[in-house]
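Worksheet for the structure shown next.
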Amino acid sequence: MRKLFALLSLLVVASMVLAACATAPAATEPAAPPANDNTATEPATTAPEAPTFASADTTTFVVAESEVGIDTLDPALAYDTASAEIIQNTYETLVFYDGDKTDAFVPMLAESWETSADGTVYTFKIRSGVKFHQGGDLTPSDVAYSFQRGLLQGGYSSPQWLLAEPFFGVGNDDISILVDEGASADDREALSANDPATLVAACEKVQAAIVADDAAGTVTMTLAQPWGPFLATIAQTWGSVMDKEWVVENGGWDGSCDTWQNFYGMTSADDPFSTVANGTGPFTLEKFANGEEIVLARFDGYWREPSKLERVVLKQVPEWGTRFSMMQAGDADLATVPSANRSQMDELVGAFQVYDAETNAYGPIQEVCNYDAGALGAAKFTACAAGETGNGGPFLARLGRPGISMDVLLFNWFIASSEESPNPYIGSGALDGNGIPSDFFSDVHIRKGFAYAFDWDTLINDVFSGEAVQSYQLTLPGMPGFFLDTPHYTLDLEKSAEEFKMADVDKDGIPAGEDPEGDVWTAGFRVQMAYNQGNNTRQTIAEILAGNLATVNELFLVETLGLPWPAYLRAQRAKQIPLMTGGWLEDIHDPHNWYQPYTTGTYGGRQSLPDDVKNQFKDILNRGVSETDPAKRAEIYKEANQLYYDLAVGVPLEVATSHGFAQRWVQGVILNPIFPGFYYYTIYKD
Amino acid sequence: MINYIIRRLMLVPLLLFGVTILIFGMLSFLQPVERLALYMRDFPKNDKVVPALIAKYDLDKPIFVQYWNWLVGKVDASGTREGGILFGNFGYSRSASQPVVDLIMRRFPATLELTIWAVAPVVLVGIWLGVQAAVHHNGVIDQAARIFSIVGTSFPTFVFGLLMLMIFYANLQWFPPGRLSDEFSKVVESAAFNRYTYLITFDAILNGRFDIFLDALRHLVMPILTLSYINWATFLRVTRGSMLETLRMEYVTTARAKGLPERDVIYKHAQPNAMLPVVTLAGFSVVGLLAGAVITETVFNYPGIGSAAVRAATSLDVVAMLGFALFDGFILIVAALVVDILYALVDPRVRLS
């Protein structure tokens, strides 16, 4: 037995030694420089001569991602960025974003398009000679079918509401509204129980709105009303085109108005297209191992010049240390870097690009000559002067570009509370210094008092290490209605005190500062600001507010309260939370996608905004979304900015800015913030 | 011996039954709506339909009814069976986008391969260190081995693993994480490569691809070394203690008095008897490895069952967690059976009693 043990040990040790001596897989010959770089996104470099960096394998692109779950690869159903990244690289849309621009579009599967004078009819000329990965030919019927399928599949867990509104009209955000006014929303069984004639009529309405003409090679889409962001809406992954024959063969909807209800409210786990893909995009889905890796392979039958990369491997590497090692070893070209670990990468940065708000683009690549670990953001790096040689670090950092999500401080104007169901977040429920009445935040001076008490510098420096910018409005750079000079709140405790003194919470017509019978200024208040447990940003926001309000008046008490996510969400939906931080990640880069949820939509509801306020916004939003001229739209949303500020409906807080890393050899990246991930078609390694 | 094995085998179904009761008992702490995941691939999006679904799947019925349904599934009017672990339906893992059985079948070979390659270094070297420490009791070798093992056991696994990554991967680039290089992954997943065992090292040899064998082995080195180093301390201490006790036995003194060579005294007379507790330890160490070396697999991005279980847990994928729990329970029972049989082989008193 001992001899066997010894033999086994020897075998293992020998194998390991052999393995150690084995060479790494042979590196492929570096690819020739690309003939044409059609990204037009990399600004001209002004860097001096620097060390060269070369990847061992220029044909395979490896991304070390943190653990992300791909929900579904069905373009009609996917509504998360991880899924959308794969879809964007395997499927294609009629129009696509023009490089890193968020508001300009170029033809993709549509060669061209025309819009009717009233802005309600779009006619797309469909590109010919385009193949699907499995060999099918793209036809206008495929395009029409894909949009019809999406709209009929509907469901509120899908992105279809973004397409439903242009086709069915504002507020009609699901096919179930056409069937039974939404009574059967997200309930296939209930929807199917409707009168068959009604079901067929709803389907026919959809089919009439999207008509294919295979002979003419066109698809005509007729909208319920002009829709300013229509191209932005169909440029996202839910506008992707699928092969009708392939969908039908694989158990999808057969295109008949008699059967569509069987596919309504599809869930990703039941969807036969959640783990497969057959688009016209530059990459095919070679391997789908959710939780391990996703492999994309170059589609050689692609209608444009095939991708320079042969394969893209998206490795799921949950442990940061492993991802860091992969970057250090040069085995990963890109990696997900948590904000807490950025400093580790920063030390190895040899070149950097900083976003320029004026041009809404990154500036030139600069070599790093000095690194200051104590500084914040881009100030950590000192660019080399002319003639200086950089530190030769292997990574390129890109910093400072505002992202596409924002935190907003939200007040609940009419907090839900009753004798049967007392609200636990508003103390006594009265203006007695130990609580607040349920209409506390309906007073605009109270809301403004809170707004002036917030300290953005502390939030941005302490929580975001300087890598965020204050949001002045609900719009983001690059969209109509974004203005750098828009009115906004800043920390001013004196103004905060003034506003509280002007408030009239007891509704006796006398401002609190002058009220002999006492009001909020003399009585004080106690209110709880809830956040979801584990969300440090929201916790800090609450703590900043609590600290400053106590400075304004020692009788003002804001208690911070961490709630488990389900409880937090439930309380929000029940309109019980008086004061909270709301977050939104945009679907399309358009002001409608921001103002709608924050005024008339999701958050407007959770803030219990009164009808007159909602109606004011509804009017502006209807005009904004119906207008197709960007300049006119900008003016309309300027009104929205002003109204949101005047009423202090909520207080936009911050947008985090970019701080990403790549190997120095990674070229051709389109840095479009609205992309759900990377668009690998333009990327190459050089 | 045969009788003993039969007796032990007869206990297996009972033990498995007990495991299912325990696991289902834990499941009963979940809300009925959460237990719907046992039968449905996805949660209903419309809250209004939840009560009907709870009633449909008897989730409002007594616990034994629910347990029975969980075991054999629910058959609807059309004769379709939903759920039923006895029929191999462990449910659908949302975090992995596939049935739990498929997930386990996909991940387990990687863990099994790691275990096969790790068991010799972990167990044999650990035992050897323990024997050497005992033989050189309080000598330099003893002290050095003890310090070596204490350092090993004091290192948190993830710290040691990351240290290994930093040295042997990021700096020296000898041993990469993962299971196989991308270049070879493509070959292994192609139709031209026969997957006889789904253990890449073995399949590589059977396919005559020595380059793939070496590449797979390169990926195994760091997990094996990490698992070894953190486990050696336990083996060393148990073996050393057992050996010291055995070496003090009168029969060992007798052997020495008879003039047997010291080597024979130690390895032929003392060591076999000192191995009894080590067999138990080894058995359960192997179980630990088979159930997934969670931290090691995570740090080295090794696609085994441990890292899949972590992902399921962090994704609140209850169905997958249940599947892993049942699978681990099964492995534990089988391992306990094997250990018992080995025990009987090593020590006749066990089977005779």
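The values are calculated or read from the model by the stated rules, or taken from the named source; none is laboratory data. Every value quoted in this text rests on a predicted model; they were computed, and no experiment measured them. All Cβ positions, glycine included, derive from the backbone under ideal geometry; neighbour counts span all protein chains shown. Heavy atoms of the whole protein, side chains included, go into the accessibility calculation; ligands, DNA and RNA do not. Shrake-Rupley method; radii C 1.70, N 1.55, O 1.52, S 1.80 Å.
So the values come out like this:
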| quantity | calculated |
| --- | --- |
| Most positive-pole-ward Cα, A:Ser157, A:Trp303, A:Phe324, against dipole of the protein assembly as shown from beta carbon charges | A:Phe324 |
| Relative contact order for region A:637-686, counting Cα pairs under 8 Å that sit 6 or more residues apart, in percent | 28 percent |
| Reference-scaled alpha-carbon Rg (2.2 N^0.38 Å with N residues) for region A:545-686 | 1.38 |
| Length added when fully stretched, A:Asp612-A:Ser128, from 0.36 nm per residue minus Cα-Cα | 169.1 nm |
| Which of B:Ser242, A:Ser626 is most accessible, then next, and so on - probe 1.4 Å | A:Ser626, B:Ser242 |
| Karplus 3J(HN,Hα) series, Hz, for region A:265-274 with 6.51 cos²θ - 1.76 cosθ + 1.60 (x for Gly, Pro) | x, 4, 10, 4, 5, 9, 7, x, 9, 7 |
| Centroid-to-centroid separation of region A:183-209 and region A:512-577 [C-alpha atoms, Å] | 45 Å |
| Per-residue HN-Hα couplings for region A:457-469 [Karplus 6.51, -1.76, 1.60; θ = phi - 60°; Hz; x = Gly/Pro] | 4, 4, 4, 5, 7, 7, 8, 9, 6, x, 9, 7, 10 |
| FRET E, pair A:Thr490, A:Glu559, Förster distance 35 Å, beta-carbon r, rounded to 0.05 | 0.90 |
| About the Cα centre, charge dipole magnitude for chain B (Lys/Arg +1, Asp/Glu -1 at Cβ), debye | 520 debye |
| MRE, 222 nm, helices only [DSSP H, n ≥ 4, -39500 (n - 2.57), over chain B, to nearest 500] | -20500 deg cm²/dmol |
| Check: region A:293-358 dipole with +1 on Lys, Arg Cβ and -1 on Asp, Glu Cβ, in debye | 240 debye |
| Hull shadow area, averaged, region B:1-100 [alpha-carbon convex hull, nm²] | 8.5 nm² |
| Kyte-Doolittle mean at least -0.5 and Cα axial length at least 30 Å: DSSP H helices in chain B | B:2-27, B:210-247, B:318-346 |
| Given charges at beta-carbon only (K, R positive; D, E negative), |dipole| of region B:25-163 in Debye | 240 debye |
| FRET efficiency estimate (nearest 0.05) - Cβ-Cβ, A:Ala574 to B:Ala55, R0 25 angstrom | 0.50 |
| Neighbouring partner chain Cβ atoms per residue of A:405-417, average, 10 Å criterion | 0 |
| Part-to-part distance (alpha-carbon centres) for region B:296-337 and region A:110-135, which is given in Å | 49 Å |
| Of all accessible heavy-atom area on region A:346-503, the percent that carbon and sulfur account for (1.4 Å) | 49 percent |
| Heavy-atom accessible area order for A:Cys369, A:Cys257, largest first, 1.4 Å probe | A:Cys369, A:Cys257 |
| Whole-Hz ³J(HN,Hα) from phi, Karplus 6.51 cos²θ - 1.76 cosθ + 1.60, for region A:121-127, glycine and proline x | 10, 10, 10, 9, 8, 7, 5 |
| Qualifying chymotrypsin sites (Phe, Trp or Tyr not before Pro) for region A:286-377 [loop in DSSP, other Cβ within 10 Å: at most 13] | none |
| Other-chain or far-sequence residues with amide H under 5 Å of B:Ser93's (modelled H) | B:Gln98, B:Val100 |
| R0 of 41 Å, Cβ-Cβ distance B:Ala257-B:Phe155: FRET efficiency to nearest 0.05 | 0.40 |
| Farthest toward positive dipole pole in region A:458-551 [+1 Lys/Arg, -1 Asp/Glu at C-beta], among A:Leu476, A:Gly547, A:Thr458 | A:Leu476 |
| Principal axis dimensions, largest first and in whole angstrom, of chain A by Cα | 88, 68, 68 |
| With every protein chain in place, region A:214-319: carbon and sulfur % of accessible area (1.4 Å) | 43 percent |
| Shielding of B:93-105 by partner chains, average beta-carbon count, 10 Å | 3 |
| Most mobile of B:Gln143, B:Gln132, B:Gln271 in a GNM of chain B (Cα contacts under 10 Å) | B:Gln143 |
| Per-residue mean of C-beta atoms belonging to partner chains within 10 Å, peptide B:118-124 | 4 |
| Segments A:448-457, A:592-601 sorted - mean Cβ within 10 Å per residue, highest first | A:592-601, A:448-457 |
| All lysines inside 24 Å of B:Lys186 as judged from Cα atoms, apart from same-chain residues fewer than 8 positions distant | A:Lys287, A:Lys308, A:Lys315, A:Lys685 |
| Solvent-accessible area, 1.4 Å probe, carbon plus sulfur percent, for region B:204-253 | 60 percent |
| Rounded to whole Å, sorted largest first: equivalent-ellipsoid semi-axes of region B:53-109, Cα gyration tensor | 24, 12, 11 |
| Highest to lowest packing among A:64-72, B:19-27, scored as the average C-beta count within 10 Å | A:64-72, B:19-27 |
| Where a label projected 7 Å from the Cα of A:Glu358 along Cα→Cβ would reach, residues of region A:458-500 with amide N under 11 Å | none |
| Accessible-area value, A:Asp356, 1.4 Å probe, nucleic acids and ligands omitted, Å² | 60 Å² |
| Interface burial for B against A (accessible surface, 1.4 Å probe, total of both chains, Å², rounded to 100) | 4100 Å² |
| Other-chain or far-sequence residues with amide H under 5 Å of A:Trp584's (modelled H) | A:Met406 |
| Full-stretch length increase - B:Val338, B:Leu163 - with 0.36 nm per residue and alpha-carbon distance subtracted | 59.5 nm |
| DSSP-assigned coil residues among GluC sites (Glu not before Pro) in region A:534-620, each with at most 14 further Cβ atoms within 10 Å | A:Glu554 |
| Radius, Kirkwood style, for region B:42-167 when every pair of distinct Cα atoms is counted (Å) | 20.1 Å |
| At q = 0.31 Å⁻¹, base-10 log of I(q)/I(0) for region A:341-392 (Debye sum, equal scatterers on each alpha carbon) | -1.21 |
| Hydrodynamic radius (Kirkwood) for region A:137-274, which is based on Cα pairs only, to one decimal in Å | 15.0 Å |
| Whole-number D in µm²/s for chain B (Stokes-Einstein; Kirkwood sum over Cα pairs; 37 °C, 0.692 mPa s) | 141 µm²/s |
| Per residue solvent-accessible surface (Å²) - region A:54-181, probe of 1.4 Å | 29 Å² |
| Accessible surface, 1.4 Å probe, highest first, among residues B:Ser154, B:Ser228 | B:Ser154, B:Ser228 |
| Long-range HN-HN contacts of A:Gly279 with modeled amide H, under 5 Å | A:His133 |
| Beta bridges by DSSP in chain A, antiparallel share as percent, to the nearest 5 | 75 percent |
| Set of aspartates and glutamates near A:Lys507 by C-alpha distance (under 12 Å), chain-local residues within fewer than 8 positions excluded | A:Asp439, A:Asp443, A:Asp515, A:Glu517, A:Asp519 |
| Charge-dipole axis of chain A as Lys and Arg at +1 and Asp and Glu at -1 on Cβ define it, positive-most pick from A:Val651, A:Ser116, A:Val211 | A:Val211 |
